[in-house]
């Protein structure tokens with residue numbers, strides 16, 4: 001027979017607070033993604049975005065947990081597809097999922113190295129995001145050669161990752177001062 005642990009009010013309150021925080025972070029990512037779509041950030045290279053919502057993900061990787069950050073990314077991509085995109089099976093959703101999965105995984109693994117600055121971890125996330133998207137494109141279009149484009153995406157990923165990492169790092173520093 002299974003013995004159930006009695007859930008205290010404190011446990012329930014912590015779960016409710018965590019759920020509320022995740023809902024707020026998801027809403028922030030959706031809003032940042034929408035605002036970003038209104039900003040003309042086009043240098044003649046398709047698929048380039050600043051990725052402001054990734055500053056929320058780097059925060060989640062460091063301040064919450066890797067599974068929580070992954071779940072936030074997944075919910076954000078799927079809700080974005082539903083609200084702003086062409087649906088769950090659109091190419092943009094497939095690219096976003098591939099890039100998001102790999103970038104959260106890479107950032108989650110790298111954040112355990114306490115010597116790495118969150119900005120560097122975010123830059124690695126930006127590079128891996130682009131790499132996953134190119135890999136998916138090459139899988140969907142056999143014979144395509146995007147290695148030059150991959151180099152451009154890596155440079156852009158490092159730059160945008162530095163920006164979003166800086167934002168996430170500043171927010172985390174501020175949050176730590178609020179706790180004390």
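The values are calculated or read from the model by the stated rules, or taken from the named source; none is laboratory data. Since this is a predicted model, take the numbers as computed values, not measurements. Ideal geometry is used to build each Cβ from the backbone, glycine not excepted, and the neighbour counts take in all protein chains shown.
Before moving on, here are some points about what is shown:
- Residue list for region 84-101, filter: part of a helix (DSSP H, G or I) and touching a residue at least 12 places away in the same chain (Cβ under 8 Å): 91, 93, 94, 95, 96, 97, 98, 99, 100, 101
- The residue that is modelled with the lowest pLDDT, among those in region 36-68 that are within 18 Å of residue 93 (Cα to Cα) and assigned to a helix (DSSP H, G or I), is 37.
- Residue 145 meets the conditions (1) surrounded by fewer than 17 Cβ atoms within 10 Å (Cβ to Cβ); (2) in a helix (DSSP H, G or I) in every case but one. The failed one is (2).
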